[in-house]
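Take a look at the structure below.
What follows is calculated from the coordinates using simple rules that are stated; it is not laboratory data. Since the structure is predicted, the reported quantities are computational estimates derived from the model, not experimental observations. Note that each Cβ is placed from the backbone with ideal geometry, even for glycine, and that neighbours are counted across all protein chains shown.
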Amino acid sequence: MVIDMNTEMLIDVWQRLLADPRKSWVLFEHGTCVVLTEPEGELAELAADLMKKFGPARAGSPAGDFGVIDLKDTEGWVVTGDHSDVLTYVGLDEPQDRSQIAVGLLGRSKRHQDGTELHIVHVEDKRSSADPA
């Protein structure tokens, strides 16, 4: 699998943001990450199923709602949606307008693309690295 520069940057950002050794995650092409805290089964399949349901934005439904988190340790924002484990990264260089609404709309648009295209670019499986209790 050939990984382009944008994908490498996204993997690096999410590795820094999701440093918890117990959380596995799956990254989609446009920057949406699905966090899998207690996964059972194949991670890519679990993430794709979540993205099919919670990725596409539907006007007038909870899927159209979003929140914006201003990142402290990384440049950019994380845009949330109606599922707490589906998060989309928006970099500082992406929006021309850096208002919360513009960033949120861009993040929602990226999540929608990821939720309809379902193109996975990275899987971070932390299940084997977590210490048993």
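Remarks
- For residue 126, the aspartates and glutamates whose Cα falls under 18 Å of its own Cα, not counting residues fewer than eight places away in the same chain, are 12, 20, 38, 40, 42, 45, 85.
- Label separation (residue 37 vs residue 73): 1.8 nm, computed from points 7 Å beyond Cα along the C-beta direction.
- Net lengthening on full extension, residue 100/residue 65 (0.36 nm per residue, minus Cα-Cα): 11.3 nm
- Spatially proximal aspartates and glutamates relative to residue 110 (Cα-Cα < 13 Å; intrachain offsets below 8 disregarded): 29, 94
- Length added when fully stretched, residue 16-residue 125, from 0.36 nm per residue minus Cα-Cα: 37.7 nm
- Extension gain, residue 85-residue 45: 0.36 nm per intervening residue step, less the Cα-Cα distance, totals 12.9 nm.
- The chain: calculated mean residue ellipticity at 222 nm from DSSP helix runs of at least 4, using -39500 (n - 2.57): -10500 deg cm²/dmol
- Top of 80, 88, 116 by mean-square fluctuation, Gaussian network on the chain, Cα under 10 Å: 116
- If you sort the three axes of the alpha carbon gyration tensor as a ≥ b ≥ c, you get a/c of 1.5 or more for segment 5-124 and a/b no higher than b/c, which makes it oblate.
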